[in-house]
1. Quick test for you: out of Ile161, Ile115, Ile170, pick the one residue that is at negative phi, surrounded by 19 or more Cβ atoms within 10 Å (Cβ to Cβ) and in contact with a Lys or Arg (Cβ under 9 Å, 6 or more places away or on another chain).
2. Can you spot a residue in the stretch 289-307 that is closer than 27 Å to Tyr10 by Cα and open to solvent by less than 50 Å² (accessible area, probe 1.4 Å)?
3. Among the hydroxyl-bearing types (Ser, Thr, Tyr) and free of Cβ contacts under 8 Å to residues at least 12 places away in the same chain: is that true of Ser228 in this structure?
4. Which pairs turn up if I take residues in the stretch 314-325 that are over 18 Å from Val24 (Cβ atoms) and look for partners that are open to solvent by 20 Å² or more (accessible area, probe 1.4 Å) and within 9 Å of ligand 2 (Cβ to nearest atom) with beta carbon separation below 9 Å, at least 6 apart in sequence or on another chain?
5. In the stretch 91-141, what residues are at pLDDT 95 or above and closer than 22 Å to Ala277 by Cα?
6. Go through the residues of the stretch 262-273 one by one and say whether even a single one is touching a residue at least 40 places away in the same chain (Cβ under 8 Å) and more than 16 Å from ligand 1 (Cβ to nearest atom).
7. Of everything in the stretch 122-156, what is open to solvent by less than 10 Å² (accessible area, probe 1.4 Å) and either within 16 Å of ligand 1 (Cβ to nearest atom) or charged (D, E, K, R) (or both)? Give them in sequence order.
8. Please determine whether any residue of the stretch 288-296 is farther than 30 Å from Lys112 by Cβ and either assigned to a loop (DSSP other than H, G, I, E, B) or more than 13 Å from ligand 1 (Cβ to nearest atom) (or both).
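The values are calculated or read from the model by the stated rules, or taken from the named source; none is laboratory data. These figures come from a predicted structure and were not determined experimentally. With ideal geometry, Cβ positions are generated from the backbone for all residues, glycine too; neighbour counts draw on all protein chains shown. Only protein heavy atoms, including side chains, enter the accessible area calculation; ligands, DNA and RNA are left aside. Shrake-Rupley method; radii C 1.70, N 1.55, O 1.52, S 1.80 Å.
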Amino acid sequence: MSNTKIHKNYKVLAIDTSCDETSVAVTVDDKIFSNVISSQVDLHRKWGGVVPTIAKRAHKENIDQAISEAIKRAQMKLENIDAIGVTCGPGLAMALEIGLDKAKELAQKYKKPLIAINHMEGHLLSPLLKNSKGKGNEIQKNTFPALGLLVSGGHTELILIKKIGNYQKIGQTVDDAAGEAFDKFANMLDLGYPGGEIVEEFAKKGDKNKYILPRPMEKSRDLNYSFSGLKTAALYLIRDLKKKTHKDFLNKEIVYDLCASFQKAVVDSLVIKLQKAIVETKPNSVFCGGGVTSNLTLRKNIRKIAKSYNLPVYFPYLQKLNTDNAAMIGIASYYKAKRDEFWKNELKELERNPGLSFKII
Ligand code: KG4
Ligand code: ZN
């Protein structure tokens, strides 16, 4: 892998359409100049989850507008961009292809190099993003190897970052992702979609020790997660509570306690394996990314564990950078450009890769 010297102030137009946000950003080196996020949450809400055909149509409708807005906010012109970065996976096939086709079209029209990005590398490097004035996390020389905890709606993974560009997946969920578990749990209680944020809000008013829920795979020797058993346990608990009260809905206090107990079970599960991974891999720091890591109870518990091993923890400097956004694709593109990892084949050969994953050891 050669290390091309890309010039300073390297400008990337980044596109992410992996799921239900049409996002376009302009980054300059590691700095965010614009980060447009056009959310489709309102369109998917009534279905209780993301509907691929609806997502595809909305991406198609929104993408041109999101690109012009990102360019305008960054006060740039497409002609002056150095490269185009785009998510090629993982994600919904139908959604990914809209961003990918647009990126190819622009790369051809403006004769710009294209950089294909793994969406999860974007989440992983999101703590390195800075604002346009260069403010953000100050990463030290001895930051790596770092241990990455990625927790989103589709993924729950532990990644060893030996250095930027060298990643090994050392653990992952064997069934549902943690965010998915939050969403399904919220759905069981008719709390709305997406569920994570709502459960966190309700949990604040509840007693986390009220109901006993399992921490699946707590004792397993590997670094994997499982959330489907927890989901089923919650389903039975809710059913029993409804039976007991002879109602088909639960009163507010019970819902608050359920949310607090469920959140505690998810957070404990995440942190137990994080701690095990710290012991096994002895990293110099911890990186966190993905929508669920905006959960304050989770953050507090991650910080506590990391502190007990004297490790700094890096979250994205802004909360909205935890969830899907294109700025994180911009920073992943910047580091890939530095490594000369441009797409070098014919553009038409670059295909969406819904199941794209880090290497497993
Ligand atoms: O990273 P993300 O925006 O999209 C994916 O790539 O999946 O993560 C979305 C997930 C959803 O499942 C959502 O319920 C969850 O993150 N989430 C949260 C919180 N905010 C978002 N889960 C728990 N607590 C939160 N505050
Ligand atoms: Zn994501």
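1. Details: Ile161 fails: in contact with a Lys or Arg (Cβ under 9 Å, 6 or more places away or on another chain); Ile170 fails: in contact with a Lys or Arg (Cβ under 9 Å, 6 or more places away or on another chain).
Only one candidate qualifies: Ile115.
2. From the stretch 289-307, those closer than 27 Å to Tyr10 by Cα are 289-290; that's our starting set.
From what's left, open to solvent by less than 50 Å² (accessible area, probe 1.4 Å): 289-290.
Yes, the stretch 289-307 contains a residue that is closer than 27 Å to Tyr10 by Cα and open to solvent by less than 50 Å² (accessible area, probe 1.4 Å).
3. On the way: among the hydroxyl-bearing types (Ser, Thr, Tyr): yes; free of Cβ contacts under 8 Å to residues at least 12 places away in the same chain: no.
So Ser228 fails the test.
4. Within 9 Å, the pairs are Asn322/Gly291.
5. Result: Met120, Glu121, Gly122, His123, Leu124, Leu125, Ser126, Pro127, Leu128.
6. First, pick out the residues of the stretch 262-273 that are touching a residue at least 40 places away in the same chain (Cβ under 8 Å): 262-266, 268-270, 272-273.
Then drop every residue that is not more than 16 Å from ligand 1 (Cβ to nearest atom), which leaves 272-273.
Yes; the residues of the stretch 262-273 include at least one that is touching a residue at least 40 places away in the same chain (Cβ under 8 Å) and more than 16 Å from ligand 1 (Cβ to nearest atom).
7. Gly122, His123, Leu124, Leu125, Ser126, Pro127, Leu129, Gly148, Leu149, Leu150, Val151, Thr156
8. yes
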